[in-house]
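A.B. asks: Supplied in structure tokens, the structure appears directly below.
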Amino acid sequence: MQQQSSKLFEHVLVVGGGLMGAGIAHVLAERGVHVTLVDQTAQMLERAQRQIEKMHRRLHPETEVQPILNNIVFSTNIEDGRDCLLAIEAVPEKMEIKQAVFKQLDELLPQEAILASNTSSLSIAAMSSVTTRPSQVVGMHFFSPVPVMRLVEIVRGINTSEETTEKVRAFGKQIGKEVIVAKDFPGFTVNRALVPLLNEAAFLVMEGNDPEEIDRGLMLGANHPIGPLKLTDSLGVDVLLFTLESLYEGFNDSKYRPCPLLKRMVEAGHLGKKSGKGFYNYS
Ligand code: NAI
């Protein structure tokens, strides 16, 4: 199965060249997969290329990035990927945008092609419903930064077939990732378990505990490699709040109610590392 799969997808269409799309294109190209990376403007694509160059310099300063870039066609025309048997969508986290892309991909790509979404919170079933091939729609949830993080969560929607799941699982391994399969419910596996922990850490701060003490507590007492508040600052306080809100709505369950402190922090612009201030100061 694995040997067969090493040649599964030789040309992959990645739609959306932001933080995640550029990272996905990078990892695929590094593993010898030909990638067509599509975004809306040349400017976005230039930014994607710069991101790949920068990450490559950081991870492999001793080698040239050009061989990787040679495997990527940067394009504003999605039709350039029309022969691909796998598309991975990484456009913004809005169902209308995702569904429009899935419709477009469904019309464009060969009938046997698999359509994957990198969504971190939206329903794969809802994306599959606008296509004529719902059994070939699946989640491939990469983690940021994609070239560094080892996991891909394969999300199996209600309509997703076993064959599709197995093909993308094998492809995940082909590109050097570890793979888990999760059901299509809010938060999938990783965020579902992680996000309530981060939320609880925010409650501890709201109750007057010191962020550094909390982080040290979890690192030393539970063997976590990074404290929950440092991690929240890295992910983005706004991203945590958004994910909590989608869990809260998705399950209609009070256990996911976002900590009010997170709301206040977002209102105040304390978004974490990216804004210079979160639970810690970065200036
Ligand atoms: P981003 O905003 O950096 O990138 C989105 C890109 O899509 C932009 O470059 C935008 O120009 C482009 N775009 C918008 N509409 C398009 C269209 N119709 N065709 C082609 N390109 C289009 O967003 P980011 O952070 O890369 O997130 C993308 C997806 O990945 C979202 O679904 C997000 O939830 C998911 N995700 C994000 C993670 C993160 O840490 N940022 C982690 C895991 C998943």
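The values are calculated or read from the model by the stated rules, or taken from the named source; none is laboratory data. Worth saying up front: this structure is predicted, and the values here are computed from it rather than measured. Neighbour counts are summed over all protein chains in view; Cβ atoms, including those assigned to glycine, are modelled from backbone coordinates with ideal geometry. Accessible surface is based on the protein model in full, side chains and every heavy atom, while ligands, DNA and RNA are left aside. Shrake-Rupley method; radii C 1.70, N 1.55, O 1.52, S 1.80 Å.
A.B. asks: Compute the acute angle (0 to 90°) between the alpha-carbon long axis of helix 211-221 and the principal axis of greatest extent of the alpha-carbon atoms of the chain; round to the nearest 10°.
C.D. replies: 70
A.B. asks: Calculate the translational D of the chain in whole µm² s⁻¹ from Stokes-Einstein, where the hydrodynamic radius comes from the Kirkwood formula applied to all Cα pairs, the temperature is 37 °C and the viscosity 0.692 mPa s.
C.D. replies: D = 166 µm²/s.
A.B. asks: Still on this structure, please answer the following. Given only helices, namely DSSP H runs of n ≥ 4 each adding -39500 (n - 2.57), what is the per-residue ellipticity at 222 nm of the chain, to the nearest 500 deg cm²/dmol?
C.D. replies: Computed ellipticity for the chain at 222 nm equals -13500 deg cm²/dmol.
A.B. asks: Continuing with this model, one more query. How much accessible surface area, in Å² rounded to 10, belongs to the heavy atoms of residue 41 with a 1.4 Å probe?
C.D. replies: My reading of the accessible area for residue 41 is about 60 Å².
A.B. asks: Which pairs, out of 173/263; 94/167; 173/277, put more than 31 Å between their alpha-carbon atoms?
C.D. replies: Values: 173/263 38 Å; 94/167 26 Å; 173/277 37 Å.
Listed pairs above 31 Å: 173/263; 173/277.
A.B. asks: Any idea which of 203, 236, 193 is furthest toward the positive side of the dipole for the stretch 180-283, if Lys and Arg beta-carbons carry +1 and Asp and Glu beta-carbons -1?
C.D. replies: 236
A.B. asks: Now, a different point. Accessible surface of residue 56 in the full protein assembly, 1.4 angstrom probe, to the nearest 10 Å²?
C.D. replies: 10
A.B. asks: Residue by residue through the stretch 165-177, which ³J(HN,Hα) values in whole Hz follow from phi under the Karplus form 6.51 cos²θ - 1.76 cosθ + 1.60 (θ = phi - 60°), with glycine and proline marked x?
C.D. replies: 4, 5, 5, 6, 4, 5, 5, x, 5, 4, 8, x, 9
A.B. asks: Working out 0.36 nm times the residue gap between residue 132 and residue 80, then minus their Cα-Cα distance, what length gain in nm do you get to one decimal?
C.D. replies: Working: separation 52, 0.36 × 52 = 18.72 nm, distance 2.11 nm.
Contour length minus the Cα-Cα distance gives 16.6 nm.
A.B. asks: Moving to a separate point now. Arrange the residues 160, 132 by how much accessible surface each exposes, largest first, with a 1.4 angstrom probe.
C.D. replies: On the way: 160 10, 132 120 Å².
My answer, sorted largest first, is 132, 160.
A.B. asks: So, with +1 on the Cβ of K and R and -1 on the Cβ of D and E, and no other charges, what is the size of the charge dipole of the chain about its Cα centre, to the nearest 20 debye?
C.D. replies: Details: 29 positive and 34 negative charges, 63 e Å.
Taking the Cα centre of the chain as origin, the dipole is about 300 debye.
A.B. asks: Pop out the ³J(HN,Hα) list for the stretch 143-154 in order, Karplus 6.51 cos²θ - 1.76 cosθ + 1.60 with θ = phi - 60°, rounded to Hz; leave Gly and Pro as x.
C.D. replies: 3J(HN,Hα) across the stretch 143-154, in whole Hz: 10, 9, x, 4, x, 9, 6, 8, 8, 10, 8, 8.
A.B. asks: Quick check for me: using +1 on Lys/Arg Cβ and -1 on Asp/Glu Cβ, what's the dipole size of the stretch 133-183 about its Cα centre, in debye to the nearest 20?
C.D. replies: Rounded to the nearest 20 debye, it is 60 debye.
A.B. asks: Compute the helix-to-body angle for 19-30: its Cα long axis versus the longest principal axis of the chain, expressed 0 to 90° and rounded to tens.
C.D. replies: Between helix and principal axis, roughly 50 degrees.
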